[in-house]
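The values are calculated or read from the model by the stated rules, or taken from the named source; none is laboratory data. Since the model is a prediction, treat every value here as computed from it, not as a measurement. Please note: Cβ atoms are built from the backbone with ideal geometry, for glycine as well, and neighbour counts cover all protein chains shown. Heavy atoms of the whole protein, side chains included, go into the accessibility calculation; ligands, DNA and RNA do not. Shrake-Rupley method; radii C 1.70, N 1.55, O 1.52, S 1.80 Å.
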Amino acid sequence: MDLATLDSEQRRNNSWISVQFQRIHLDLPLLAMLTVLAAFGMLVLYSAGDNNADLLVRQSIRLLVAFGGMFVIAQIPPSIFRRYSGAVWIVTVLLLIAVLAVGSKGGGAQRWLDLGVVKFQPSELMKLTLPLVTAAWLASRSNPPTSRSVLISLALIAIPVLLIAKQPDLGTSILMGASGIFVLFLAGLGWRWIFGGMGLVAAALPALWYVMKDYQRQRVLTLLNPEADPFGSGYHIIQSKIAIGSGGFWGKGWLNGTQSHLDFLPERSTDFIFAVLAEEHGLMGVIPLLALYLAIVFRCLYIAAQATNLFNRTVAGSIGLTFFVYVFVNIGMVSGLLPVVGVPLPLVSYGGTSMVTLMAGFGILMSIHTHRKLIAR
Amino acid sequence: MRPSGYFFNNRHAERQLFLARAAIAVIGTLILAGVLVAQMIHLQVTQHDHYSVRSKDNRIRVLPLPPTRGLITDREGRALAENLPTYRLELIPEQVTDLEETLQAIKALVPLSELEEKRFDRAWKRRRGNFNPVPLKFRLDQQQLARLAVNQHRLTGVSVSAHLTRHYPYGASTAHIVGYVGRIDQRNLESVDPSNYAGTTHFGKTGIESTYEDQLHGWVGEQRVETNAAGRQLRVVESTLPIPGEDIKLSIDIELQRYAEQQLGDKAGSVVALDPRNGEVLAFVSLPAYDANLFVNGISVADYKRLNTDKKRPLFNRSLKGQYPPGSTIKQLVGLAGLEHGLISRNHSLSCSGYYLLPNSEHRYRDWKRTGHGRTDLDKALVQSCDVYFYDLARNLGIDRMHNYLSKFGLGQRTGIDLLGERSGLLPSRSWKKERKNEIWYPGETLITGIGQGFMLTTPLQLAHSTAILANGGSGYKPQVTLGKNAEPITAVKIPKRHLRDVERSLHRVTNSRLGTARSLSENHHFHIAGKTGTAQVYALSQNDEDEDAEVREDIPEHLRDHALFVGYAPIKDPKIALAVIVEHGGSGGAVAAPIAGRIMQWWLDNGSPSPASKTPSP
């Protein structure tokens, strides 16, 4: 039955070119959408970086590396990820502990491990490892998961998340926690757990206030009333909202954003690049971008639905949903819905590390989608 | 971890569970995406106008363009107040990262005085933000400019800006008439429309600069410039040019003014010269004076202390505010009052024995000439300035009639000159004494009022003004220091022709008869002068002091010596100049003040030119 479904599905939408891509383990629709997104991102980045060609060259190199990484990972069968995820998890947790102990500081937080030649960010590796290890664990137990396996999953998630939160890197730990929770959710986590967890989070929110660091509290307060300190903590969000709002329906035109080109908008080529896009292209630029992001997410979920086993399904679904969380947190933060956390806008923001990780995730997705015959055999 | 057979059996159920969860995820994703879209529509459509305005406010700064202050010239068009380009060192608060460090760096390049630092501290505390620069040092010289230019890159937030600074080329000579501008303060701003002064740094504080502030200032323009977040101005979007202030032409002749100053020399005193035909002020000297340029950008404490504690009071405008007993310089007016009321005629005479007695009183009202003038009529009384004659006349007139008549010549009231701060002098009367001192008027006080002593006080301007009225035969014009306005006639007093002729003849004899108190004027003048000397007592000599002699006072210390006064006009036939000269502690009016007045009148009649209005008759 599974074989039949597979074959029919493959016959249904497999044009010749699509089949050729499948042969080299690439999913054509996903690749196409990611390419369009990256191209669009370059366009926005060119404007955000004040027409700086140098910036574009560097970003292009990163994109090439990221797409190359995706291609390489796509060649690896999913079973390999499944088999080694546990070992990688243990190693990465040790690395995270090492980072806290001896890691070099960058921007006030300890995130990097200096390996002499290259600086290595173990948290990026953990972003990939966490959904894999959670999925591998759940796939090896009965489904839907028992309370015991849920608790063990939560431990697998909580340990790295807490280690990263301590660096501190709130953005990454939230995204990472989400990716693990998504695996649990897609694997059929019981509703008792879901509602119980939600209740617990709601109850813990006040307590969370006391655990938060001062700057984190400030960010929450700023979200609620940015005008309280318009030239201090509120500056980013006020300028960003002015950029978005003044863009209006049609935008001010490419390269014509005053907020960005006159330096009012901070961090406009990295975390706040969405504001540049919204200012210059208006709502008519924002809606297509969101649509493209949603299409990518849905393609991921489609791949998950087509996957042949629990591990593949939950990993693919989690990667897709985590990708959406990136988008939601970034745009929510830039438009004043969420407090400021350092989350880039995927494939648009300038910056290398997270892009490589992200594309590696899509590599895993492609691997899952294009290795089904092998599993079926 | 290979899937075991047990789980294989549940694969279908597993997939169904997953699909259900995936469906929920899709719904959740769509909801969250909907939230984002809703927020975008809120910001970009609903609140678009609000954010558009804020975006514009962000980048567009409205900079005031202050108008250029009008020039002040003398009647010949010579600049008395001009605007010179100067360079100013300023800090832009928003761009200065470390104030202490920046100041240290600047100090290494240009010296900063204690005063400059103090003034900067104050200005820094009051800074208005919005990239408004705070001035640190005014008037940079070329060398300092060059040093700053070379080091510009190290000095963030430090800028050098070119400004026009008010400059008074004649310095002290015009200080008491042109006045000066100073840094604008809160009180100045309250008296004007602050928006028109948005970019203005200086404000007229005294003199013409103050009186004609409105005309001189002009109207502010504005410039809309696009700036980036750092406040750097990128381009001018739109600008409205300011309307420069009006130039003001004074009736003063600066050469006459300086000549008059030279004549006073190092004495403290005052010269006010008017054109009796229109009220134009030709010279307005008050000495000592001060360099008005010191005040433009704030005077240093040391300089101010020096000026303020100087015993000769250089900051005091004697011509406008100095109140002196007029002494004998009002006798001709008292004489006219006597003629007017029929109390005397030109032939009326009395015998002067050196003092005057009131009935039932032992008190001797002394004449300045101990031996007396003998038989004295009005002519002799004026020519030789006999006091006894005027004691008698004053007694017959009474204080009320005297007050009435003298006030017609503008005494005891402001002339209305277009300078601020004029004093009114004092013309005593019964009601004044009752009101101010709550005392009745004593007959003896009438007597000394008749010779310009006692309570009576006049400003040099008033004396010149009353002399101009007399020169004009009883009519006159409001004194004014600016040209361009029509002369403002004032109805003063009707003087019968024959009275005027008699008094004028006597005043002429004052300056050219062998016995006249100003006989020194008879030499060297090719024109006829009517004049009257005066000597105002500073040191109240005891009436019974037998050693006292008004003419020999060389042994009295200078600050106790009498003020020397002279009023007069010339030429008698067609008066072109009327003036009052006061030399403080100069001694005798005839010996000291009269020659000065004579030279000034001569200079004017030789070199002066009438006002443009009278030069070119209107078509």
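Could you tally the net charge around B:S239, taking each other residue with its Cβ under 15 Å from the Cβ of B:S239, Lys/Arg +1 and Asp/Glu -1? Residues close to B:S239 contribute a combined charge of 0. Placing a label point 7 Å from the Cα of A:L255 along the Cα-to-Cβ direction, the residues of region A:54-78 whose backbone N falls under 15 Å of that point are A:54, A:56.
Hey, what did region B:81-213 get for relative contact order, percent, Cα under 8 Å, at least 6 apart?
On the way: 172 pairs, mean separation 45.0, N = 133.
It rounds to 34 percent for region B:81-213.
Applying D = kT/(6 pi eta Rh) to region A:85-211, where Rh is the Kirkwood radius over alpha-carbon pairs, T corresponds to 4 °C and eta to 1.567 mPa s, the Stokes-Einstein value obtained is 84 µm²/s.
The mean sequence distance of close C-alpha pairs (under 8 Å, at least 6 residues apart), as a share of the length of chain B, puts its relative contact order at 13 percent.
Divided by 2.2 N^0.38 Å, where N counts the residues, the Cα radius of gyration of chain A comes to 1.01.
Peptide packing: for B:114-121, B:205-212, the average count of neighbouring Cβ atoms within 10 Å per residue gives the ranking B:205-212, B:114-121, highest mean first. Here region B:258-301 and region B:442-477 have alpha carbon centers that stand 23 Å from each other.
Please give the peptides A:18-26, B:422-430, B:467-475, B:576-584 ranked by average Cβ packing (other Cβ atoms within 10 Å per residue), highest first, as a rough proxy for protection.
On the way: A:18-26: 15.4, B:422-430: 19.4, B:467-475: 24.1, B:576-584: 28.8.
Packing order, densest peptide first, comes out as B:576-584, B:467-475, B:422-430, A:18-26.
Dividing the convex hull volume of the alpha carbon atoms of region A:183-243 by its residue count, what do you get in Å³ per residue? Present the calculation step by step, with values, prior to reporting the outcome.
Details: hull volume 8.0 nm³, N = 61.
Considering the Cα atoms of region A:183-243, their hull volume per residue is 131 Å³.
Note: relative contact order over chain A, using C-alpha pairs below 8 Å and six or more positions apart, is 26 percent.
Take every DSSP beta bridge with both residues inside the protein assembly as shown and express the antiparallel ones as a percent of the total, to the nearest 5. Please list the in-between numbers first.
Details: 76 of 79 bridges.
Roughly 95 percent of the DSSP beta bridges within the protein assembly as shown come out antiparallel.
Here region B:33-75 is scanned for amide nitrogen atoms under 17 Å from the site 7 Å beyond the Cα of A:I287 along Cα-to-Cβ, giving B:33-48. Here the average projected area of the convex hull drawn through the C-alpha atoms of the protein assembly as shown stands at 59.2 nm². Working note: Cα gyration tensor of region A:181-295, eigenvalues times five, square-rooted, sorted largest first, giving semi-axes of 34, 23, 10 Å.
Compute the FRET efficiency between B:Q413 and B:N360 as 1/(1 + (r/R0)^6), taking r as their Cβ-Cβ distance and R0 = 41 Å, and round to the nearest 0.05. The computed FRET efficiency comes out at 0.70. Per residue of A:276-288, other chain Cβ atoms within 10 Å of the residue Cβ number 2 on average.
Amide H contacts for B:R364 (H built 1.01 Å from N in the peptide plane; partners 5 or more residues away or on another chain; cut-off under 5 Å): none found. Full extension of the chain segment joining B:R147 with B:E435 gains 97.0 nm, where the gain is 0.36 nm per residue of separation less the Cα-Cα distance.
With a probe of 1.4 Å, find how much accessible area chain B has per residue, and write the answer as a whole number in Å². List each step's numbers first, then the result.
On the way: 29100 Å² over 619 residues.
Ligands and nucleic acids excluded, the figure is 47 Å² per residue.
When shorter helices are ignored and each DSSP H run of at least 4 residues is given -39500 (n - 2.57), the per-residue value for chain B at 222 nm works out to -10500 deg cm²/dmol.
Given their separation in residues at 0.36 nm each and the Cα-Cα distance between them, A:A295 and A:S18 gain 97.9 nm when the chain is fully extended. Annotation for A:A39 and A:Q75: the two label points, set 7 Å from Cα along the Cα-Cβ direction, are 2.6 nm apart. Using R0 = 41 Å, the C-beta based FRET efficiency linking B:N10 and A:E227 works out to 0.15. Which percent, to the nearest 5, of DSSP beta bridges fully inside chain B are antiparallel? So the antiparallel bridges in chain B amount to around 95 percent.
Assigning unit charges at the beta carbon (Lys, Arg +1; Asp, Glu -1) and nothing else, what dipole magnitude in debye, to the nearest 20, does the protein assembly as shown show about its Cα centre?
On the way: 103 positive and 83 negative charges, 621 e Å.
About 2980 debye.
Go through B:185-192, B:286-293 and give me the packing order, highest mean Cβ count within 10 Å leading.
Highest to lowest by the protection proxy: B:286-293, B:185-192.
Of the heavy-atom accessible surface of region A:85-211 (probe 1.4 angstrom), what whole percent is carbon and sulfur? Carbon with sulfur: 75 percent of the solvent-accessible area. Scanning residues 5 or more positions from B:L282 or on other chains, those with amide H under 5 Å from its amide H are B:A273, B:L274, B:D275, with H placed 1.01 Å from N in the peptide plane. Ordered by solvent-accessible area of protein heavy atoms (1.4 Å probe), largest first, the residues A:T134, A:T270 come out as A:T270, A:T134.
Peptide A:300-312 is shielded by partner chain Cβ atoms: per residue, an average of 3 of them sit within 10 Å of its Cβ. Here the sum of -39500 (n - 2.57) over DSSP H runs of 4 or more residues, divided by the residues of chain A, equals -24000 deg cm²/dmol at 222 nm, to the nearest 500.
Among the residues of B:12-20, the average count of other protein chain beta-carbon atoms within 10 Å of the residue beta-carbon is 5.
Place a point 7 Å from Cα of B:R423 in the direction of its Cβ. Which residues in region B:437-458 have their backbone N less than 17 Å from it? Those under the cut-off are B:453-458. Could you tell me the distance between the Cα centroids of region B:103-173 and region B:584-604, to the nearest Å? So the two Cα centres are separated by 47 Å.
Residue separation times 0.36 nm, minus the C-alpha to C-alpha distance between B:D247 and B:A229: what's the value?
Gain on stretching B:D247 to B:A229: 2.4 nm.
Label separation (B:K497 vs A:L205): 10.8 nm, computed from points 7 Å beyond Cα along the C-beta direction.
At the listed q of 0.11 Å⁻¹, the Debye profile of chain B, built from one uniform point per Cα, gives log10 I(q)/I(0) equal to -1.03. Modelled label positions at B:L112 and B:D185, each set 7 Å beyond Cα in the direction of Cβ, lie 2.3 nm from each other.
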